[in-house]
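Before any comments, here is the structure.
The values are calculated or read from the model by the stated rules, or taken from the named source; none is laboratory data. Note that this is a predicted model, so its numbers are computed, not measured. Ideal geometry is used to build each Cβ from the backbone, glycine not excepted, and the neighbour counts take in all protein chains shown.
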Amino acid sequence: MGSSTGSGFFKGDGNGNFWSTFILPSNGVSKSFNGKFSSAVPKFICTLAQVEFDKESALEGDYAFGENATIGPTTINLPLAEGIGSVSITGKLTVHLPKAYTATGPGHWDSS
């Protein structure tokens with residue numbers, strides 16, 4: 001079976017916090033991935049983000065940003081690791097950043 005995607009947003013407040021919400025097209029369920037960056041990342045917003053996952057049950061519980069997770073200068077590329085499935089968040093930044101920033105830290109998936 002292939003992967004599925006959901007559309008939504010992903011943003012950071014510049015103080016280490018991030019939050020996102022994605023709508024799953026198969027059933028309209030809303031999933032949120034929220035947490036705290038361990039690395040320094042400036043304020044950003046990606047209003048057209050996508051989450052790609054191998055199974056819907058993968059969008060539960062705790063994850064951390066995987067190797068090569070970056071934000072900027074024009075896109076976000078956030079593979080997630082240490083969870084129960086294969087999950088990646090991608091998208092184009094609404095406002096570009098001056099450079100690429102490495103994203104590290106934990107997050108948690110919730111259904112809303």
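Checking 82, 60 one by one, the residue that is of a type in the set (Asp, Glu), surrounded by 15 or more Cβ atoms within 10 Å (Cβ to Cβ), in contact with a strand residue (DSSP E or B) (Cβ under 6 Å, 6 or more places away or on another chain) and under 17 Å from residue 108 (Cβ atoms) is 60 and no other.
The residue pairs whose first member lies in region 32-45 and is more than 16 Å from residue 89 (Cα to Cα), whose second member is modelled with pLDDT of 95 or more and of a type in the set (D, E, K, R), and whose beta carbons are closer than 7 Å, counting only pairs six or more residues apart or on different chains, are 43/13. If only residues of region 85-104 that are free of Cβ contacts under 8 Å to residues at least 40 places away in the same chain and either surrounded by 15 or more Cβ atoms within 10 Å (Cβ to Cβ) or in contact with a helix residue (DSSP H, G or I) (Cβ under 6 Å, 6 or more places away or on another chain) (or both) are counted, the one that is farthest from residue 6 (Cα to Cα) is 85. Entry remark, region 1-44: residues being among the small types (Gly, Ala, Ser), out of contact with any Pro (no Cβ under 6 Å at 6 or more places or on another chain), outside any loop (DSSP other than H, G, I, E, B) and closer than 20 Å to residue 57 by Cα number 7 in total.
Which residues, taken from region 81-112, are of a type in the set (Val, Ile, Thr) and under 14 Å from residue 69 (Cβ atoms)?
Residues of region 81-112 of a type in the set (Val, Ile, Thr): 84, 87, 89-90, 94-95, 102, 104.
Residues satisfying the conditions are 87, 89, 90, 102, 104.
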